[in-house]
């Protein structure tokens, strides 16, 4: 997938030399008031990671990667407005929660749009680009997990065409809370 435009934004895959911006966007995302419901790590954990981690991430999910793709939305002024990452999960494996992966699928993670860029359809454009990337790699569907209390994100995912599958997974930080699986499927 090459760069595409959505309104005034350019949506593209990250590049290896983008790693400082990848790190900064992640740190900014981890400062969001609901980050504790949305991300696996804390700001402190991410900030403490060595530059080599961010460099590896930019290579492993950037242009040319077939297993993962981080897409960013670049605003006209050059700032990164948001990002999504899609991982390819292979049939016959288990996901991070130990659930069986029944078919080749994309798994959306790390969704973030800066507050000043929310409410304009950008998250849908990012998700659409991620879905297209996964579909081009033979995924039969795309899924994501969202905290049961994260109603803002659930609304955005519904607007992008994702629907609850009925699968509920214990929240990775507190098993007494739930995450809901949302999926976007297409006819075979």
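Worth a mention:
- The chain: equivalent-ellipsoid semi-axes (sqrt of 5 x gyration tensor eigenvalues, Cα, Å): 23, 20, 18
- Maximal additional length on extending the residue 10-residue 158 stretch stands at 51.0 nm, based on 0.36 nm per residue less the C-alpha distance.
- In the chain, helices alone account for a calculated mean residue ellipticity at 222 nm of -8500 deg cm²/dmol, with every DSSP H run of four or more residues adding -39,500 (n - 2.57).
- Gyration tensor (alpha-carbon) shape descriptor, the range 28-84, a/c threshold 1.5: oblate
- Relative packing of peptides 126-135, 61-70, 103-112 - highest average C-beta neighbours within 10 Å first: 126-135, 103-112, 61-70
- For the range 66-148, alpha-carbon Rg relative to the globular expectation (2.2 N^0.38 Å, N residues): 1.16
- Inter-site label distance for residue 47 and residue 185 at 7 Å from Cα along Cβ, in nm: 4.4 nm
No lab work stands behind these numbers, since they all come straight from the coordinates. Keep in mind that what you see is a predicted model, and the values were worked out from it rather than measured. No Cβ is skipped: glycine too gets one built from the backbone with ideal geometry, and neighbour counts run over all protein chains shown.
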